[in-house]
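Structure first, commentary second.
The values are calculated or read from the model by the stated rules, or taken from the named source; none is laboratory data. Not measured: the values here are computed from a predicted model. Note that we place each Cβ from the backbone using ideal geometry, even for glycine, and neighbour counts take in every protein chain shown.
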Amino acid sequence: MVTQSQAPDVVRVGRVGKAVRVLVAVAGIGLLINGSVRASDDAWPFGPMSQYAMSVPDDAKIDYTRVSAVTDAGTTVDVPLNIEGAGVARAEIEARAGEIVKDPSLLQQVADGWARKHPDQPKYVKLELIRDTTQLVKGKVEGPPTSQVLATWEVRR
Amino acid sequence: MKIANWFTPTIALARIAWLRTVLYLFVILDMHAFVRDTRDKGEHPGLYEPLLLARLLDLPKPSVANTTILYVVLIVACLIGATNYFPRVAGWIVAPAFTWWVLIGMSDGKVDHDHLALVIALWVLPTVKAGSRGITSYGDQTRSEAAGWAIRCIQICVIATYFLSAVAKLRSAGWVLSWPGSAVLTWAIVRRPHPVGEWLLHYPWVLHVMQWVGIIGEFCSPVILWLKGRWQLFGALFFLGFHAANTAILLIHFLPTVVCWLAFAPLERIAPWFQARRSDRDAGKAEDQAEHGRQAEQEAGA
């Protein structure tokens, strides 16, 4: 037990302990620098800190991917792409958009996720992967977005 | 030797005790509020795409069984670690378990960048041998180089989160400084619509000022490692303000990094401060009582 006093004790680490600690820290810094300079997100936790790191030109087209659903109640709704909604995050859908276009059956799990989490709500019968595009002109938003259907999936029961 | 000593300053063990409690409880919050889809991924591993670390270690695909066990083990180990009883055993369980938890959570095509400092903190905390257990550990003023190393590692990771994001901004533009003058915040707001952000869309120059302030702050962030006292506090407040602004505009909070700023705070002073306050109050009370006593004597004598 250590009691408090005016001059608290100092516990030092041995030479080997210190050398190992310094080496581990330096190696960790090296991994971080390597990640930032040449690796991708795949190298987590030593990947680049690339959130919002891209330079967006003043005349860019801004894409926003969403999933629209026709329900068995005959309504058309925007699927809430989060864990509480359909159990899939928008970022996951965006990251896999190319795969979904090739294989629209991947959308089935969106319908399954919704049905599982909201058993008392209308079921999805048809899903559409839609891309909204907003045009920038001189760095400012110009007009409402245009929409394009990328993939369609008739939900399996 | 001087450089080696920079990595191992002597810091009171009490700071480690406070960090253990706060960070292990934060992990429980994190599992429910932030990286909260790990168990869902166990049920539906359809989009599972293992990251490098998971492939290197050949970790099994998430299933209901392994994610449920992981969940229970993490909750129990975090609760034990947070008490500062058996903090090292609990800590050596939490570190790999939470790393795996986050690895699964981020194995779906999207990786978040706010967990570096927290994950590394969990790996370095159990390397520190505790001098005392339980409640007394919060007041343990024994200064330790092992504690200092752990604290330094967390601090470096907090700062790296900012500095390296400035590096990433240069890299993505082909090592040119075009990011702060670009429409990146406009792009971000269009994709994350939210009233404060949408209002700012009308004023692109404000967004450009914010981008410049952000990237200059990120580039200068390593200075904070060498600042002391009040100046270090200003540095920390700048970045907490930065996160508050990001939260207001984009609803991006970075709390797992924010909580690790506590590694810079002199938490070891909390217990002595509290004791001093209590003994002041006790002394004050004793004086009051003495005063009352004298009054009573005088009244009795009158």
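Of everything in region B:157-183 that's of a type in the set (A, V, I, L, M) and facing another protein chain (nearest Cβ under 7 Å), which residue is farthest from A:S55 (Cα to Cα)?
By that ranking, first place goes to B:A160.
When you scan region B:17-25, do you find a residue that is within 14 Å of chain A (Cβ to nearest Cβ) and either in contact (Cβ under 8 Å) with a residue 40 or more places away in the chain or crowded, with 21+ Cβ neighbours inside 10 Å (or both), even just one?
Scanning region B:17-25, I find at least one residue that is within 14 Å of chain A (Cβ to nearest Cβ) and either in contact (Cβ under 8 Å) with a residue 40 or more places away in the chain or crowded, with 21+ Cβ neighbours inside 10 Å (or both), so the answer is yes.
Testing A:D41 on (1) surrounded by 16 or more Cβ atoms within 10 Å (Cβ to Cβ); (2) more than 9 Å from chain B (Cβ to nearest Cβ), one condition comes back false. Which one is that?
Every listed condition holds for A:D41 apart from (2).
Can you tell me which condition A:A97 does not meet? The list is (1) out of contact with any helix residue (DSSP H, G or I) (no Cβ under 9 Å at 6 or more places or on another chain); (2) facing chain B (nearest Cβ under 7 Å), and all the others hold.
(2)
Counting just the residues of region A:103-157 that are of a type in the set (G, A, S) and assigned to a strand (DSSP E or B), which one comes out nearest to the other protein chains (Cβ to nearest Cβ)?
So the residue we want is A:G143.
Assuming B:G46 fulfils every condition listed in (1) modelled with pLDDT under 95; (2) not in a helix (DSSP H, G or I) apart from one, which condition is it?
Going through (1) modelled with pLDDT under 95; (2) not in a helix (DSSP H, G or I) one by one, B:G46 breaks only (2).
For region A:74-91, give me each residue that is buried (at least 17 other Cβ atoms within 10 Å of the Cβ) and either at the interface with another protein chain (Cβ under 10 Å from one of its Cβ atoms) or touching a residue at least 40 places away in the same chain (Cβ under 8 Å) (or both).
A:V79, A:G87, A:V88, A:A89, A:R90
Being part of a loop (DSSP other than H, G, I, E, B) and crowded, with 22+ Cβ neighbours inside 10 Å is the filter; apply it to region B:115-129 and report the residue that is nearest to the other protein chains (Cβ to nearest Cβ).
B:H115
Which count do you get for residues in region A:13-31 that are more than 7 Å from chain B (Cβ to nearest Cβ) and touching a helix residue (DSSP H, G or I) at 6+ places or on another chain (Cβ under 6 Å)?
Total satisfying the criteria: 0.
Would you mind stating whether A:I62 is within 7 Å of another protein chain (Cβ to nearest Cβ), closer than 20 Å to A:Y124 by Cα and of a type outside the set (G, A, S)?
no
Kindly indicate the residue of region B:1-16 that is more than 10 Å from chain A (Cβ to nearest Cβ) and over 24 Å from B:F98 (Cβ atoms) and also surrounded by the fewest Cβ atoms within 10 Å (Cβ to Cβ) among those meeting that condition.
B:K2
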